[in-house]
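Only the coordinates and a few stated rules stand behind these numbers; no lab work does. Just so you know, these numbers come straight off a predicted model, no measurement behind them. So basically every Cβ, Gly included, is an ideal-geometry build from the backbone, and we count neighbours across all protein chains shown.
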Amino acid sequence: MTTYGIIGAGNIGSQVARAVIAAGHDVVISNSRGPETLSDLVSDLGEKARAATAQEAAEAGEVVVVTVPLKAVDEVPVEPLAGKIVIDTNNYYFERDGHIAALDAGVDTVSQMLQRHLPTSKVAKGFNHIMAKDITTDGKPAGTEGRRALATSSDFEEAAEHVQRLYDELGFDTVNVGPLADSWRVERDQPAYVVAQTRSELVANLAKAERVTATDTDVQPGLGE
Ligand SMILES: NC(=O)c1ccc[n+]([C@@H]2O[C@H](COP(=O)([O-])OP(=O)(O)OC[C@H]3O[C@@H](n4cnc5c(N)ncnc54)[C@H](OP(=O)(O)O)[C@@H]3O)[C@@H](O)[C@H]2O)c1
């Protein structure tokens, strides 16, 4: 049993909470407005969940899921996540997050941005290319024909392995994309993004990915101005 801290209690945060609780884990979940606004969700999740501030969820989680809009990533607490595996569900939507030059130019990835914000944590991408509602419905036992596969990516083998074990518990196969620098292959608008696919189909879709090419070669990784 693992205690998952969850920072963000929206579509994905609430669904990841449901799924990991169904698999026997505990959850400490948070949002931006404070634990008192999460009473309906926590009562729905049951006794294995409690609401907290983001700081408390980061402290309490043995493994922590960051699932806030990308524009809020710099508000994620740093110190309580030191040394921990952090699962990053985030995607870049310029319509919501504002334009980020380094992502537009294809010289950075969403998860490298979080890894730089959390320099002593072990960030692994997870749950970023599945619709929230499918997390609790599409899982199947290992070995089932057509079992859906999800990607992970990390600069830390231990973190990628954790996500792989968790996916398996929740009913999904895994493809490890490799280091976070390669995680653009599973970002928005790539062939592997938010489609139901088996492991071999996911491998094929990752191979088909084409990166945006930088037009401005002066753009550096990072959030920019
Ligand atoms: N929706 C999907 O199916 C889906 C699928 C895969 C990946 N994703 C990605 O996963 C991320 C989350 O998506 P979502 O759809 O779950 O978003 P959402 O429904 O808008 O929920 C975002 C959550 O983050 C919380 N939040 C915002 N700023 C925060 C802060 N500084 N500290 C703590 N919590 C904060 C919000 O709290 P308040 O409500 O209090 O503001 C809310 O609970 C996004 O990057 C998204 O692109 C989404």
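Tabulated data for the structure shown
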{"quantity": "Within straight-line cross-link reach of K208, aspartates and glutamates at Cα separation under 16 Å, skipping those fewer than 8 residues along the same chain", "calculated": "D182, E187, D189"}
{"quantity": "Relative contact order (%) - the stretch 19-169, alpha-carbon pairs under 8 angstrom, separation at least six", "calculated": "18"}
{"quantity": "Sorted peptide list for 188-195, 136-143, criterion being average Cβ within 10 angstrom, highest first", "calculated": "188-195, 136-143"}
{"quantity": "5 angstrom amide H check on F172, placed H, neighbours 5+ away", "calculated": "K140"}
{"quantity": "Beta bridges per DSSP with both ends in the stretch 70-198, % antiparallel, nearest 5", "calculated": "20"}
{"quantity": "Residue of A54, A17, A204 that the Gaussian network model of the chain assigns the largest fluctuation, springs spanning Cα pairs under 10 Å", "calculated": "A204"}
{"quantity": "MRE, 222 nm, helices only [DSSP H, n ≥ 4, -39500 (n - 2.57), over the chain, to nearest 500]", "calculated": "-8000 deg cm²/dmol"}
{"quantity": "Prolate/oblate/rounded call for the stretch 91-172, Cα gyration tensor, a/c under 1.5 rounded", "calculated": "oblate"}
{"quantity": "Normalised alpha carbon radius of gyration of the stretch 123-225 [divisor 2.2 N^0.38 Å]", "calculated": "1.14"}
{"quantity": "Dimensionless Rg over Rh [the stretch 87-128; C-alpha; Kirkwood]", "calculated": "0.97"}
{"quantity": "Taking N as its residue count, the alpha carbon Rg of the chain over 2.2 N^0.38 Å", "calculated": "0.97"}
{"quantity": "The stretch 1-98 - Rg and Dmax from Cα coordinates, angstrom", "calculated": "12.5, 38"}
{"quantity": "Table column - 3J(HN,Hα) (Hz), the stretch 47-61, Karplus curve with 6.51, -1.76, 1.60, x for Gly and Pro", "calculated": "6, 8, 10, 9, 8, 7, 6, 4, 4, 5, 5, 5, 5, 6, x"}
